[in-house]
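Take a look at the structure below.
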Amino acid sequence: MVIYTVRPGDTLAVISRRYGLPPNRIAADNGLTNLSALVPGQNLLINTDTVRYILTEGQTLFSVSQEYGVPLNDLLAANPGLNPLNLMAGQTVYIPVGSSEPRRTILVNGYAYPSINTNSLNCVLPFLTFLSPFSYQLTTSAELIPPDDSELIYRAQRSGVMPLMVVTNITGEGFSTESLSGILASPELRERLIGNILSELESKQYYGVNMDIEYIAPDDRESYNSFLETLAEQLHANGYILMTALAPKISPDQQGVLYEAHDYAAQGRIADYIIIMTYEWGYT
């Protein structure tokens, strides 16, 4: 498996020739419906570990290794019958584009609305570690408005995927800075929120909670860190995990209400897992 990053001028036909796979195969593997809508910087999964390459006049193994980003020694090892000092146009070179390094285990989280298409869910469930039904909405009184999550929880558990409860500070008008500030300022409301989270985790048989709290007032940064610390302690004491979602910052002191209260160092220390919401760059 290769992760290919689309370059300016790339088309599916160009990429398919590069890797020797039919364009429709690449499109199907990546869920592409509009075959002409590739974007520079977009990543595509190419389901191959070896490329069959035909040399043109003047090419060397070094130039091929540079083009595909493959170490020259790996290229030589993959073509033991090839004399690198006597290459000719038309000869075949086998390029090992898959990594020779041991593959790491990864954890994969997927957010899903209760209205998700059944076929779409079935396609991704085998590859997920966590499924996060979106979402419990936080009220100003620290109550939680639940989504219709029962079917998603059932499907996740049946597939050996761990469901996570998602808590957001979303209202009908988007993420609410003010409602969260009121909760963080009140010890009683903070305690009530943690109690409500634990109650839902137990009753719904969630594996843990995913705190997707955004647009926090900059002055609430330390209060939110403190809340997460208390929440994590109580979650761990009851056998649950804490995941948090962070805005995609490019520096610790990045300005803006989306970024300032998201403390990478603190949340990295407190939470079990972090999601960095780089998809924000796709539409903002």
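Scanning the range 1-30 for residues that are open to solvent by 40 Å² or more (accessible area, probe 1.4 Å), assigned to a loop (DSSP other than H, G, I, E, B) and in contact (Cβ under 8 Å) with a residue 24 or more places away in the chain returns MET1, ARG7, PRO8, THR11, GLY20.
Beta carbons closer than 6 Å, at least 6 apart along the sequence or on distinct chains, pair a first residue in the range 114-130 that is under 20 Å from PRO146 (Cα atoms) with a second that is open to solvent by 70 Å² or more (accessible area, probe 1.4 Å) and of a type outside the set (Val, Ile, Thr) for PRO114/ASP148.
Within the range 53-73, the set of residues being without any contact (Cβ under 8 Å) to a residue 40 or more places away in the chain, outside any helix (DSSP H, G or I) and either in contact with a strand residue (DSSP E or B) (Cβ under 9 Å, 6 or more places away or on another chain) or closer than 11 Å to PRO96 by Cα (or both) comprises ILE54, LEU55, GLN59, GLY69, VAL70, PRO71.
The residue that is nearest to TYR273 (Cα to Cα), counting only those in the range 198-210 that are open to solvent by less than 60 Å² (accessible area, probe 1.4 Å) and touching a residue at least 60 places away in the same chain (Cβ under 8 Å), is ASN210. Any idea which of (1) of a type outside the set (D, E, K, R); (2) modelled with pLDDT under 90; (3) open to solvent by less than 80 Å² (accessible area, probe 1.4 Å) is the one SER36 doesn't satisfy? Going through (1) of a type outside the set (D, E, K, R); (2) modelled with pLDDT under 90; (3) open to solvent by less than 80 Å² (accessible area, probe 1.4 Å) one by one, SER36 breaks only (3). Restricted to the range 80-103, and to residues that are of a type in the set (A, V, I, L, M, F, W, C) and assigned to a strand (DSSP E or B), which residue is modelled with the lowest pLDDT? Per the stated criteria, the residue is ILE95. Looking only at the range 80-103, residues that are more than 30 Å from ALA27 (Cβ to Cβ) and either open to solvent by less than 30 Å² (accessible area, probe 1.4 Å) or touching a helix residue (DSSP H, G or I) at 6+ places or on another chain (Cβ under 8 Å) (or both) come to 3 in all. Within the range 217-259, the residues that satisfy the criterion of being free of Cβ contacts under 8 Å to residues at least 24 places away in the same chain, surrounded by 12 or more Cβ atoms within 10 Å (Cβ to Cβ) and assigned to a loop (DSSP other than H, G, I, E, B) are LYS249, GLN254, TYR259. Considering PRO133, PRO147, the condition of being in contact with a helix residue (DSSP H, G or I) (Cβ under 8 Å, 6 or more places away or on another chain) and surrounded by 17 or more Cβ atoms within 10 Å (Cβ to Cβ) is satisfied by PRO133 alone. Between a first residue in the range 154-182 that is without any contact (Cβ under 8 Å) to a residue 40 or more places away in the chain and surrounded by fewer than 18 Cβ atoms within 10 Å (Cβ to Cβ) and a second residue that is of a type outside the set (Phe, Trp, Tyr) and part of a strand (DSSP E or B), which pairs have beta carbons less than 8 Å apart while being 6 or more apart in sequence or on different chains? Going by the 8 Å Cβ cut-off, the qualifying pairs are THR171/GLN137.
The values are calculated or read from the model by the stated rules, or taken from the named source; none is laboratory data. All values reported here derive from a predicted model rather than from experimental measurement. Positions of Cβ are backbone-derived with ideal geometry, glycine not excepted, and every protein chain shown enters the neighbour counts. Note: areas computed on protein heavy atoms with side chains; ligands, DNA, RNA excluded. Shrake-Rupley method; radii C 1.70, N 1.55, O 1.52, S 1.80 Å.
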